[in-house]
Amino acid sequence: MRDFHLPGRSPVLASNGMCATSHPLAAKTAVDILERGGNAMDAAIAGAVLLGICEPQMTGIGGDCFVLYSPAGSDEVHALNGSGRAPAALDATHLRDAGEKTVPLRSAHAVTIPGAIDAFCHLSDTIGTMGLDTLLAPAIRYAEEGVPVSARVAFDWGNDAGTLQGAARDFYLTGGKAPTTGDIFCAPGQAEVLRRIAKDGRDAFYTGEVAEDIVASLNAIGGKHTAEDFAATACTPGEPLASSYQGVEVLEHAPNGQGATALLMMNMLSHFDVASMDPWGAERVHIEAETAKLAYDARNRFLADPDHTARLAHMLAPETAQELAALIDPKKAMPDPVALSEAVHKDTIYITVVDKDGMSVSLIYSIFHGFGSGIASDKFGILLQNRGAGFTLDQGHANELKGGKRPMHTIIPGMIKRDGKVIMPFGVMGGAYQPNGHARFVSNLTDFGLDPQAAIDAPRAFSDNGILKVERGYSDAVRAELTEMGHKVEIPATAIGGAQAIQLHDNGLLEGASDARKDGCALGY
């Protein structure tokens, strides 16, 4: 039980249905759908699409999604890959010949075909019960009438407004400035697009006027996208990856998401007595940072489009984790994980819903960087992701940019089982932090016995591009000790990530948790 003298959140308890996500209006919309008789997938789709209006800097219909779900009355977990592909005519050689070393973040070449709408339509048709017209109605209404900009959204909007270019500045700025807390944001162009999807399904987005608007907007700035690229978009069903940690089974989406990175981190952490460490001390931060460096190095070597991913079995093999863990000095930060791990390796917004029948949905949906590519379609104002920046231009790499390929993604939904039963859908937002966040969340639950809300509230640290970002929730003494170990320590300007989870208890009780680092909440009925 938390100390009620201190700021914090209590878990949200309900017995009929629950949603946890990063914006209250989306959580309320999802619960409304449940109360009207929809299932968890219906509710997740309705809430997710609305998040694109409530948090346009984070997600939207110009982005991708990944989904894990467990049907009612079953503990099987299924996966759906709703990520899009590079245009067929694009190739890494085009960018290398132009002198590029990486895919330019704000260029048309970074825009892969949005896959989320195809996935939502597929899930509505095959798993949902209420129909797209019902599920999209709340987002259509809010896009037309407007949504008050909440505090964290305003903070992010201001930070990322410089990304916006061309028509996007007209659709997402007012007088050239980002909205502030309490301002009303409307998206009438998106409302029209959603109305067409509600009436005619995925073809309303991937063919005809909407697709033509996106293609023409991208072609005008050098993109190689075609109508055929959009028409060919199709989500891919699959099965999750899984690994065990401290008595639970953690399930992650397979590549091209980076869920395998989280599993590798947990496999490495199992070689240390994490439970004996001070949960908020320097020793744990150090071990976690070192495992992250090595796991992310493996990610960068191997993860790609599932048709091209190299040596996934090696990445998840127990002996790989053991050999990598042995490279970690408990007292000293490693300067170069790439060089250290070379011998071992010689041969990538979140919403979760649970309904009264036990269906669990773990859904993550994103446009990648803040405001994605910063490019919006000229007519409808659809903000386009920059997931193509997840490709490498290294010739021969599994994740090399090629036409028709899917890039490595950072977004990963998660689920936890115990004794074969699904007990918790969960997710952690925050770009590259997500695998580290999954490992930390699971460790907080299992090594230290925290409830989901406390596990989310706990302070975070993340080793990112040579900098160990340590939130203000840690003491100055911890930061000083980490510096002595050789880490370059900084307090990040923005809190690290965000998270949501719902725990299914044996007695039917649902326990929801949502990150105070975001504006959202858990709601149930």
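Per-residue ellipticity at 222 nm for the chain, helices alone: DSSP H runs ≥ 4 residues times -39500 (n - 2.57), over residue total, nearest 500 deg cm²/dmol?
Values: 19 runs with 186 residues, N = 525.
Estimated from H runs of four or more residues: -10500 deg cm²/dmol.
Note the full-extension length gain between Arg9 and Glu145 as 0.36 nm times their separation in residues minus their Cα-Cα distance, in nm to one decimal. Spell out each step's value before the answer.
On the way: separation 136, 0.36 × 136 = 48.96 nm, distance 3.10 nm.
Here the answer is 45.9 nm.
Taking neighbour counts of Cβ atoms within 10 Å as a proxy for exposure, in what order, fewest first, do Cys19, Cys54, Cys121, Cys186 appear? All intermediate terms of the calculation are to be shown ahead of the outcome.
Numbers: Cys19 37, Cys54 27, Cys121 22, Cys186 15.
Listed from fewest to most nearby Cβ atoms, that is Cys186, Cys121, Cys54, Cys19.
Put +1 on the Cβ of each Lys and Arg and -1 on the Cβ of each Asp and Glu in the chain; which of Gly524, Val470, Leu401 then has its Cα farthest toward the positive end of the dipole?
Checking the options against the dipole of the chain, the answer is Val470.
Send over the semi-axes of segment 246-323's equivalent ellipsoid, whole angstrom and largest first, taken as the square roots of 5 times the C-alpha gyration tensor eigenvalues.
Values: eigenvalues 119, 31, 24 Å².
Taking √(5λ) for each eigenvalue gives 24, 12, 11 Å, largest first.
If you plug each phi of segment 110-117 into the Karplus form 6.51 cos²θ - 1.76 cosθ + 1.60 with θ = phi - 60°, what whole-Hz ³J(HN,Hα) values come out, in order, with x for Gly and Pro?
Coupling constants for segment 110-117: 7, 8, 8, 5, x, x, 5, 4 Hz.
In debye, nearest 20: dipole of the chain around its Cα centre with unit charges on the Cβ of K, R (+) and D, E (-)? Intermediate results must be reported in sequence, preceding the final value.
On the way: 42 positive and 64 negative charges, 131 e Å.
My answer is approximately 620 debye.
Take the alpha carbon atoms of segment 32-133, find their radius of gyration, then divide it by 2.2 N^0.38 Å using N residues; give the quotient. Display every interim value, and only then the final one.
Working: Rg = 17.4 Å, N = 102, 2.2 N^0.38 = 12.8 Å.
Working it through for segment 32-133, the quotient is 1.36.
With the dipole of the chain worked out from charges on the C-beta (+1 for Lys and Arg, -1 for Asp and Glu) around the Cα centre, which of Gly449, Ile423, Ala389 lies farthest toward the positive end?
Ala389
Short version: ³J(HN,Hα) in whole Hz for each residue of segment 11-22, in order, from phi by Karplus 6.51 cos²θ - 1.76 cosθ + 1.60 (θ = phi - 60°), x for Gly and Pro, what are they?
With coefficients 6.51, -1.76 and 1.60, one gets x, 9, 10, 7, 10, 9, x, 8, 10, 10, 7, 8 Hz.
Based on other C-beta atoms within 10 Å, arrange Ser243, Ser514 from fewest to most. List each step's numbers first, then the result.
Values: Ser243 21, Ser514 31.
The order, fewest Cβ neighbours first, is Ser243, Ser514.
Please report, to one decimal in angstroms, the Kirkwood hydrodynamic radius of segment 19-86 built from all distinct Cα-Cα pairs.
On the way: mean 1/r = 0.0770 Å⁻¹.
Over segment 19-86, the inverse of the mean reciprocal pair distance is 13.0 Å.
Check which residues have an amide H placed less than 5 Å from Ile423's amide H, if you skip close sequence neighbours.
For Ile423, the qualifying residues are Ile416, Lys417, Arg418.
Taking other Cβ within 10 Å of each residue's Cβ, how do Glu209, Glu319 sort, fewest first?
Working: Glu209 13, Glu319 10.
Listed from fewest to most nearby Cβ atoms, that is Glu319, Glu209.
Report, to two decimal places, the Cα Rg of segment 197-262 normalised by 2.2 N^0.38 Å (N = number of residues). Let's see the in-between values first.
Numbers: Rg = 18.4 Å, N = 66, 2.2 N^0.38 = 10.8 Å.
In units of the globular-protein estimate, segment 197-262 measures up at 1.70.
So which of Lys293/Lys332; Lys293/Lys469; Lys28/Lys177 end up more than 24 Å apart by C-alpha?
Details: Lys293/Lys332 13 Å; Lys293/Lys469 13 Å; Lys28/Lys177 29 Å.
Among Lys293/Lys332; Lys293/Lys469; Lys28/Lys177, the Cα-Cα distance tops 24 Å for Lys28/Lys177.
Each residue of segment 252-269 in turn: what ³J(HN,Hα) in whole Hz from Karplus with 6.51, -1.76, 1.60 and θ = phi - 60°, glycine and Pro shown as x?
Each residue's phi maps through the Karplus curve to give 10, 6, 6, x, 8, x, 9, x, 4, 5, 4, 5, 5, 4, 5, 4, 6, 4 Hz.
Read-outs throughout are calculated quantities, based only on the coordinates presented, and are distinct from any laboratory measurement. Because the structure is a prediction, the values reported are computed rather than measured. Glycine gets a Cβ as well: all are built from the backbone with ideal geometry, and neighbour counts include every protein chain shown.
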